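Participant: Here you go, one structure.
The values are calculated or read from the model by the stated rules, or taken from the named source; none is laboratory data. Owing to the predicted nature of the structure, the values given are computational and were not obtained by experimental measurement. Note that each Cβ is placed from the backbone with ideal geometry, even for glycine, and that neighbours are counted across all protein chains shown.
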Amino acid sequence: MESQYNAAAIEQKWQQDWVKQGLDKTPENSDKPKFYALSMFPYPSGNLHMGHVRNYVITDVIARLKRLQGYRVLHPMGWDAFGLPAENAAIDRNIPPADWTYKNIAQMKQQLQTLGLSIDWDREVATCSPDYYKWTQWLFLQFYQAGLAYQKEAAVNWDPIDQTVLANEQVDSEGYSWRSGAKVERKLLRQWFFKITDYAEQLLTDLDKLSGWPDRVKLMQENWIGKSVGAYLEFPVKDSDEKIAVFTTRPDTVYGVTYVVLAPEHPLTPKVTTEGQKAAVEGFIEEVSNESEIERTAEDKPKRGILTGGTAINPFNGEEIPILIADYVLYEYGTGAVMGVPAHDTRDFKFATEKELPIKVVIVPENSEDSNPTLTEAYTEPGIMVNSGEFDGMQSTEGKTAIINYAEKQGYGKARIQYRLRDWLISRQRYWGCPIPVVHCPSCGTVAVPDADLPVKLPENVEFTGRGASPLAKLEDWINVPCPSCGEPAKRETDTMDTFIDSSWYYLRYTDAINDQEAFKLEKANDWMNVDQYVGGIEHAILHLLYSRFFTKVLRDRGLVNVDEPFKRLLTQGMVQAMAYKNPKTGKYIPVDKVNPESPTDPDTGDDLEVFYEKMSKSKYNGVDPQKVLGKYGADTARMFILFKAPPEKDLEWDDADVEGQFRFLNRVWRLVNGYAEKQGEVISKKELSKEEKDLRRAIHTAIKEISEDLEGDYQFNTAVSELMKLSNALNDAKCINSRVYQEGIETLLILLAPFAPHIAEELWHNLGHETSIHLQTWPEVDPDALVVDEITLVIQIMGKTRGTIQVPANSSKEELEKLARESDIGKRNLDGKEVKKVIVVPGKLVNFVVPK
Ligand SMILES: [Zn+2]
């Protein structure tokens, strides 16, 4: 056996051996309980970064642990492979998106394999591969047939540089594109939507079923769905049959409405605008049309609005009130109109004050004398209704229901629940995505491509100029096809799908990844679902998880799977941070290798630098390349460091000294086990264990107990690694090397270490003479008898000063402890005929004798 720990050689050897033995394959049709361990799959950028490494190592430890604990484990990996960067590469470097993507996949897969991940690569999927997106298209048609996919014209965020539609989250708070940096414009386009709003209530209430999810993720989902309970009310337009519909959560303030506001795009806007205001209103609409939604609704931005000249009537009191349009009201949200109650809404108060609109108080605090106070800010608390006709004197909380009932009776309102969640805009005017499988026929309208004709393949010979519309829209021979229904000339849909669709069902495909007849077999999906442990970044806390939950529910309703929720437990791992150096005067980051850490100054200007931990990134020059760490220390050390340095959900601060520390620990284990393997003679089995053996056995079973508990539920890998170190130290200190207890200790240490550092554990296991893989062993069980302490260390004190310690039976009474202390050598020597005035006994700890001075 090797005398030096040579991580590179060991890791290469076992990675090949595991593949040969098929150890990572997923067992089917077994009596064992199932466990589905899943990492969020990566976008194939080409380079594995430390954030990936952390994500996949965490999932791998769980997968390996569960195998040892007797589960059959599904632990797959794949590639979220469609998306914009491949097209940008095609434009910048003239590489076809498919070539660029598959090259990156190959590179990243090779890097992943060096980490010793126990992944079943037979189930690898790439969302850009026709044998995957064929089923994405088939699932799209399932949604279409269920009435859950539809087209409508919608105002979208338009990136004038990338020439594409952006999702709201791709636009920053200043209204710039996150990718191109262009000022985002608004544009009307006919788009495809998924009707996720049909599932809003289920997506909300089923959050209660997810007890294994972090609370903050559930709260983020809840806020995103944004349920509000309130009233739908109609305000007639004066001298017209038109009515302005609004939604409000404060119907109790309806007597305080002093104006109504329409979204500039609202169809009523031109109808209510008077001749005198026409020019001003049109100018305003033109200005607003260039603003993104995020810009329009930003909290810190002043709200802009303008009078239309039109008048509405408050149906409750007949008051005439002005109609305005304002940028902060969006046509896509709610009814596209709001009522203005400046006395009781902070935003309205500010807006009305600026626009010099009237402010009318209709709720006052209880016991208030003045029913018409002058406000300096909006009064938004509940109180007593005033200036509200027959509702005067009523508690405002009760007034909400009373007003709704009244409006319903009068025929101009009703109770309504509204959600912030809107339908999912899935169209992208891009090439490198899954084509939407429909054809537009002049006679038949929109026609689904028949299942037999799927997949609608992405054409391969495409020219990328980076300008104009999607490359697909320019391919005449691809676009023009006969209508599947009537055979007349028709045109293919040129939009592709949002990549979030690809990732909304990949976890189902893994359960039956090479099926070319179906997206997945019902029995296989039902067997493996739900995912028992999902691991990924908090940045996916909202959209990816919400869309996947939506998909699962729709597929359940289509009879394609029988679970309500895709992911039973969710672990959102923290970021990987490293030291960054920034010049506060120039705002520039300085590469780590150009800075002297003792006195960090800017090599160009000499300025003192700010030093802090920040997420690893290229732009901050603080990334640590996983390949370098693996090359120097090996995968096992990298894994141990990542797991030891911080609890998985917390941010991890990179520290070379701690990496080195883990390397030294593995070296100690290496010497310990190999030293034992060389020296061990015949293992002596005795009936009665010596005290040393009992102590060692207690250390072994304490480690089993603590590590098993640390790895249950919350996965506290960091404390588990500490326990491994303790056990290793106990074995190092123990002398009973020929005892069967020592052998038990060495083997237990290796099995407990195996999920964390799989290669070195395997090598040392074989060095002990075992033939089968350590990863096929059984996780050790705690022997409760071994944990029982039968002797304790008792401290003997005279006048509070420690004179020494003795070993005593753990179950000794107070009287026995005093006797044992008195009669011990330490007791005899120190008391030596002195009169004892008082004895203080702390059971399990000490005996203190009080003697005269
Ligand atoms: Zn037709």
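Participant: Regarding residue 30, is this residue of a type in the set (Ser, Thr, Tyr), over 26 Å from the mean Cα position of the chain (by Cα) and farther than 30 Å from residue 671 by Cβ?
Facilitator: It is true that residue 30 is of a type in the set (Ser, Thr, Tyr), over 26 Å from the mean Cα position of the chain (by Cα) and farther than 30 Å from residue 671 by Cβ.
Participant: Among the residues of the stretch 26-55, which ones are surrounded by fewer than 24 Cβ atoms within 10 Å (Cβ to Cβ) and hydroxyl-bearing (Ser, Thr, Tyr)?
Facilitator: Scanning the stretch 26-55 gives 26, 30, 43, 45.
Participant: What are the residues in the stretch 526-539 that are farther than 19 Å from residue 648 by Cβ and part of a helix (DSSP H, G or I), if any?
Facilitator: 526, 527, 528
Participant: Within the stretch 346-363, can you find the residues that are within 44 Å of the chain's Cα centre (by Cα) and surrounded by 13 or more Cβ atoms within 10 Å (Cβ to Cβ)?
Facilitator: 347, 348, 349, 350, 351, 352, 353, 355, 363
Participant: Go through the stretch 381-393 and give me each residue that's exposed (fewer than 14 other Cβ atoms within 10 Å of the Cβ) and touching a residue at least 24 places away in the same chain (Cβ under 8 Å).
Facilitator: Hit for the stretch 381-393 is 389, nothing else.
Participant: If a residue has to be closer than 13 Å to residue 802 by Cα, under 60 Å from the mean Cα position of the chain (by Cα) and outside any strand (DSSP E or B) to count, how many in the stretch 829-853 make the cut?
Facilitator: Residues meeting the conditions: 1.
Participant: Scan 379, 431 and give me the residue that is part of a loop (DSSP other than H, G, I, E, B), in contact with a Pro (Cβ under 8 Å, 6 or more places away or on another chain), closer than 30 Å to residue 237 by Cα and aromatic (Phe, Trp, Tyr).
Facilitator: The conditions single out 379.
Participant: Quick one: is residue 460 within 16 Å of the ligand (Cβ to nearest atom), among the acidic types (Asp, Glu), more than 33 Å from the chain's Cα centre (by Cα) and over 25 Å from residue 155 (Cβ atoms)?
Facilitator: Answer is no for this residue.
Participant: Scan (1) crowded, with 19+ Cβ neighbours inside 10 Å; (2) over 16 Å from residue 115 (Cβ atoms); (3) touching a residue at least 60 places away in the same chain (Cβ under 8 Å); (4) under 32 Å from the mean Cα position of the chain (by Cα) for the single condition residue 621 breaks and write down its number.
Facilitator: Unmet condition: (3).
Participant: I've got another one for you. I'd like to know if the stretch 442-455 contains one or more residues that are among the β-branched types (Val, Ile, Thr) and away from the ligand (no atom under 13 Å from the Cβ).
Facilitator: No, there is no match, as no residue in the stretch 442-455 is among the β-branched types (Val, Ile, Thr) and away from the ligand (no atom under 13 Å from the Cβ).
Participant: In addition: At least 2 residues that are of a type in the set (Lys, Arg) and at pLDDT 95 or above in each: list the helices (runs of 4 or more DSSP H) lying fully within the stretch 93-212 that qualify.
Facilitator: In the stretch 93-212, 97-113 are the helices (runs of 4 or more DSSP H) which contain 2 or more residues that are of a type in the set (Lys, Arg) and at pLDDT 95 or above.
Participant: Quick check: anything in the stretch 439-452 within 24 Å of residue 555 (Cα to Cα), under 33 Å from the mean Cα position of the chain (by Cα), modelled with pLDDT of 95 or more and among the β-branched types (Val, Ile, Thr)?
Facilitator: Checked against the condition, which is being within 24 Å of residue 555 (Cα to Cα), under 33 Å from the mean Cα position of the chain (by Cα), modelled with pLDDT of 95 or more and among the β-branched types (Val, Ile, Thr), the stretch 439-452 yields no hits at all.
Participant: For the stretch 229-236, state whether one or more residues are acidic (Asp, Glu), surrounded by 15 or more Cβ atoms within 10 Å (Cβ to Cβ), modelled with pLDDT of 95 or more and part of a strand (DSSP E or B).
Facilitator: Within the stretch 229-236 (the criterion being acidic (Asp, Glu), surrounded by 15 or more Cβ atoms within 10 Å (Cβ to Cβ), modelled with pLDDT of 95 or more and part of a strand (DSSP E or B)), the answer is yes, since at least one residue qualifies.
Participant: Based on this model, can you work out whether residue 448 counts as in contact with a Cys (Cβ under 6 Å, 6 or more places away or on another chain), under 23 Å from residue 143 (Cα atoms) and crowded, with 16+ Cβ neighbours inside 10 Å?
Facilitator: Spelling it out, it is not the case that residue 448 is in contact with a Cys (Cβ under 6 Å, 6 or more places away or on another chain), under 23 Å from residue 143 (Cα atoms) and crowded, with 16+ Cβ neighbours inside 10 Å.
Participant: Exactly one of (1) more than 26 Å from residue 550 (Cβ to Cβ); (2) without any contact (Cβ under 8 Å) to a residue 40 or more places away in the chain; (3) more than 16 Å from the ligand (Cβ to nearest atom) is unmet by residue 412. Its number?
Facilitator: Only one criterion is unmet by residue 412, namely (2).
Participant: Return the only residue of 315, 322 being crowded, with 18+ Cβ neighbours inside 10 Å, assigned to a loop (DSSP other than H, G, I, E, B) and of a type outside the set (A, V, I, L, M, F, W, C).
Facilitator: The conditions single out 315.
Participant: Residue check: is residue 56 within 20 Å of the chain's Cα centre (by Cα) and assigned to a strand (DSSP E or B)?
Facilitator: The answer is no for residue 56.
Participant: Which residue pairs have Cβ atoms under 9 Å apart, sit 6 or more places apart or on different chains, and have a first residue in the stretch 770-783 that is closer than 20 Å to residue 710 by Cβ and without any contact (Cβ under 8 Å) to a residue 24 or more places away in the chain and a second that is of a type in the set (Lys, Arg) and surrounded by fewer than 17 Cβ atoms within 10 Å (Cβ to Cβ)?
Facilitator: Between residues of the stretch 770-783 that are closer than 20 Å to residue 710 by Cβ and without any contact (Cβ under 8 Å) to a residue 24 or more places away in the chain and residues that are of a type in the set (Lys, Arg) and surrounded by fewer than 17 Cβ atoms within 10 Å (Cβ to Cβ), there is no close pair.
Listed here are the residues, each with its yes/no results for (1) more than 22 Å from residue 37 (Cβ to Cβ); (2) at pLDDT below 95.
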position: 692; (1), (2): yes, yes
position: 714; (1), (2): no, yes
position: 722; (1), (2): yes, no
position: 736; (1), (2): yes, yes
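Participant: Next up: Residues 103, 109: which one is more than 19 Å from residue 535 (Cα to Cα) and of a type in the set (D, E, K, R)?
Facilitator: Answer to the selection: 103.
Participant: Where the second residue is within 12 Å of the ligand (Cβ to nearest atom) and part of a loop (DSSP other than H, G, I, E, B) and the first is in contact (Cβ under 8 Å) with a residue 60 or more places away in the chain and lies in the stretch 434-463, which pairs have Cβ atoms under 8 Å and are six or more apart or on separate chains?
Facilitator: Here the result reads 448/484; 449/484, each pair linking the stretch 434-463 to a residue that is within 12 Å of the ligand (Cβ to nearest atom) and part of a loop (DSSP other than H, G, I, E, B).
Participant: Still on this model: For the stretch 540-577, give me the residue count where each residue is in a strand (DSSP E or B) and out of contact with any strand residue (DSSP E or B) (no Cβ under 7 Å at 6 or more places or on another chain).
Facilitator: The total comes to 0.
Participant: Residue 764: aliphatic (A, V, I, L, M), assigned to a helix (DSSP H, G or I) and buried (at least 19 other Cβ atoms within 10 Å of the Cβ), yes or no?
Facilitator: yes
Participant: Just the residues that are assigned to a loop (DSSP other than H, G, I, E, B) and over 17 Å from residue 67 (Cα atoms), please, taken from the stretch 700-720.
Facilitator: Within the stretch 700-720, 714, 716 qualify.
Residue by residue, here is whether (1) aliphatic (A, V, I, L, M); (2) surrounded by fewer than 16 Cβ atoms within 10 Å (Cβ to Cβ) holds:
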| position | (1), (2) |
| --- | --- |
| 94 | no, yes |
| 109 | no, no |
| 132 | no, no |
| 147 | no, yes |
| 154 | yes, no |
| 162 | no, no |
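Participant: Search the stretch 145-163 for residues that are under 27 Å from residue 174 (Cβ atoms) and pair each with any residue that is at pLDDT 95 or above when their beta-carbon atoms are under 8 Å apart and the residues are at least 6 apart or on different chains.
Facilitator: If the second residue must be at pLDDT 95 or above, the pairs left are 154/193.
Participant: Another question, if that's okay. Being within 16 Å of the ligand (Cβ to nearest atom) and not in a strand (DSSP E or B) is the filter; apply it to the stretch 464-505 and report the residue that is nearest to the chain's Cα centre (by Cα).
Facilitator: 493
Conditions tested, residue by residue: (1) of a type in the set (Lys, Arg); (2) free of Cβ contacts under 8 Å to residues at least 40 places away in the same chain; (3) under 30 Å from residue 578 (Cα atoms).
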| residue | (1), (2), (3) |
| --- | --- |
| 19 | no, yes, no |
| 33 | no, yes, no |
| 46 | no, no, yes |
| 50 | no, no, yes |
| 64 | yes, no, yes |
